[in-house]
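Next up is a structure, given as structure tokens.
The values are calculated or read from the model by the stated rules, or taken from the named source; none is laboratory data. Small disclaimer: the values here were computed from a predicted structure and weren't measured. All Cβ positions, glycine included, derive from the backbone under ideal geometry; neighbour counts span all protein chains shown.
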Amino acid sequence: MKRITSVGVVLAAVLVLGSCGGNSTLDDTEAAVFITVEIEEYNPDIDICAYLSGGVDVTIESMIVTSTGKAPGVTLGPGQDVRLLRWAITPERNDGGSTSSPQAIFDQGILVPAGGVTNLDNWRVYPVEYLNEVPLAYLLPENGGIDPETANSNIRQRLVLQLFGETISGKSVASIPQSIQFNFFCGSP
């Protein structure tokens, strides 16, 4: 009986560990291609007061999304074209503060040809309404204009961009996360 109990405990542990694996179709990279993002041009200094008064989202002026075959010498066909379906933007503080802005998720519809590139101009990476959320809201004059965690009048965050999609043949694809550095302030930097 003791042996059956030990075997049962081991099987239960294996089952629990197996169920904790990354089984999300969004983070699989089972496709014959992988996606990379290169930021060509952007403004890292964001005056949140100007953006809020103009109602303008934070954008990247120019970026290149590239599809590359995983195996060298393999011929890629249209079944490996990638449809980018979702962007995830995860802010992380890099100025000593601990409270980050909220994550933003955008549903997209961008096609990247297999083994090719897609150039994107003026693509939104962060919604203007999130600039009015903590911690960036602390920088507004009506809230004192100072981040209470760092005692600075600016907040430095990297926005980690990751793209998710699938090939035309139905295989999941996710890009390697790309960090984009930003300095947020209100008025003069």
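Can you pull out every residue in the range 137-189 that is of a type in the set (S, T, N, Q), within 30 Å of Gly69 (Cα to Cα), in contact with a Leu (Cβ under 9 Å, 6 or more places away or on another chain) and assigned to a loop (DSSP other than H, G, I, E, B)?
Scanning the range 137-189 gives a single hit, Ser175.
Select from the range 84-108 the residues that are touching a Leu at 6+ places or on another chain (Cβ under 9 Å) and not aromatic (Phe, Trp, Tyr) and list them in ascending order. Give the derivation first.
If we filter the range 84-108 for residues that are touching a Leu at 6+ places or on another chain (Cβ under 9 Å), which is where we start, we get 84-92, 101, 104, 107-108.
Those that are touching a Leu at 6+ places or on another chain (Cβ under 9 Å) and not aromatic (Phe, Trp, Tyr): Leu84, Leu85, Arg86, Ala88, Ile89, Thr90, Pro91, Glu92, Ser101, Ala104, Asp107, Gln108.
Now a separate question. Please go through the range 78-98 and pick out each residue that is over 13 Å from the mean Cα position of the chain (by Cα) and surrounded by 13 or more Cβ atoms within 10 Å (Cβ to Cβ).
Kept after step one, since they are over 13 Å from the mean Cα position of the chain (by Cα), are these residues of the range 78-98: 78-83, 93-98.
Within the range 78-98, Gly79, Gln80, Asp81, Val82, Arg83, Arg93, Asn94, Asp95, Gly97 meet the criteria.
Quick one: in the range 123-137, which of the residues that are modelled with pLDDT of 95 or more and charged (D, E, K, R) is farthest from Gly54 (Cα to Cα)?
It comes out as Glu133.
Can you say whether Thr118 is assigned to a strand (DSSP E or B) and out of contact with any helix residue (DSSP H, G or I) (no Cβ under 7 Å at 6 or more places or on another chain), as far as the supplied structure shows?
Numbers: assigned to a strand (DSSP E or B): yes; out of contact with any helix residue (DSSP H, G or I) (no Cβ under 7 Å at 6 or more places or on another chain): yes.
Spelling it out, Thr118 is indeed assigned to a strand (DSSP E or B) and out of contact with any helix residue (DSSP H, G or I) (no Cβ under 7 Å at 6 or more places or on another chain).
Related question: For the range 59-83: of the residues being in a loop (DSSP other than H, G, I, E, B) and under 22 Å from Gln178 (Cα atoms), which is modelled with the lowest pLDDT? Steps first, answer last, please.
Taking the range 59-83 as the starting set, the residues that turn out to be in a loop (DSSP other than H, G, I, E, B) are 70-77, 81.
With the extra rule that they be under 22 Å from Gln178 (Cα atoms), the set shrinks to 70, 81.
Working: Lys70: 92, Asp81: 97.
The extreme case among them is Lys70.
I'd like to verify a number: residues in the range 39-56 that are aliphatic (A, V, I, L, M) and surrounded by fewer than 16 Cβ atoms within 10 Å (Cβ to Cβ), how many?
2
So which residues in the range 162-184 are of a type in the set (A, V, I, L, M), touching a Ser or Thr at 6+ places or on another chain (Cβ under 8 Å) and within 22 Å of Ser100 (Cα to Cα)?
Our first condition is that a residue be of a type in the set (A, V, I, L, M); within the range 162-184, this holds for 163, 168, 173-174, 176, 180.
Imposing the further condition that a residue be touching a Ser or Thr at 6+ places or on another chain (Cβ under 8 Å) reduces the set to 163, 173-174, 176.
Matches in the range 162-184: Leu163, Ile176.
Conditions tested, residue by residue: (1) within 16 Å of Gln162 (Cα to Cα); (2) of a type in the set (S, T, N, Q).
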{"residue": "Arg86", "(1), (2)": "yes, no"}
{"residue": "Arg93", "(1), (2)": "no, no"}
{"residue": "Gly96", "(1), (2)": "no, no"}
{"residue": "Ser100", "(1), (2)": "no, yes"}
{"residue": "Gln108", "(1), (2)": "yes, yes"}
{"residue": "Asn122", "(1), (2)": "no, yes"}
{"residue": "Val125", "(1), (2)": "yes, no"}
{"residue": "Tyr138", "(1), (2)": "no, no"}
{"residue": "Pro141", "(1), (2)": "no, no"}
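Then there's this: Here is a list: Leu111, Leu161. Which entry is surrounded by fewer than 16 Cβ atoms within 10 Å (Cβ to Cβ), under 20 Å from Arg86 (Cβ atoms) and under 19 Å from the mean Cα position of the chain (by Cα)?
On the way: Leu161 fails: surrounded by fewer than 16 Cβ atoms within 10 Å (Cβ to Cβ).
Checking each option against the conditions leaves just Leu111.
Give the residue that is surrounded by the fewest Cβ atoms within 10 Å (Cβ to Cβ), with candidates limited to residues of the range 119-152 that are hydroxyl-bearing (Ser, Thr, Tyr) and within 18 Å of the chain's Cα centre (by Cα). Give the derivation first.
Our first condition is that a residue be hydroxyl-bearing (Ser, Thr, Tyr); within the range 119-152, this holds for 126, 130, 138, 150.
Filter again for within 18 Å of the chain's Cα centre (by Cα), leaving 126, 130.
Working: Tyr126: 26, Tyr130: 18.
Here the residue is Tyr130.
Against the conditions (1) at pLDDT 95 or above; (2) farther than 22 Å from Asn43 by Cα; (3) outside any strand (DSSP E or B), where does Arg86 fall short? Just the number, please.
Result: Arg86 passes all but (3).
Restricting to the range 164-182, name every residue that is within 15 Å of Asn94 (Cβ to Cβ) and surrounded by fewer than 16 Cβ atoms within 10 Å (Cβ to Cβ).
Passing the criteria: Pro177, Ser179, Gln181.
Select, from Leu52, Leu26, Leu17, the only residue that is of a type in the set (A, V, I, L, M), modelled with pLDDT of 50 or more, farther than 18 Å from Thr118 by Cα and not in a strand (DSSP E or B).
Leu52 is the lone residue from the list that is of a type in the set (A, V, I, L, M), modelled with pLDDT of 50 or more, farther than 18 Å from Thr118 by Cα and not in a strand (DSSP E or B).
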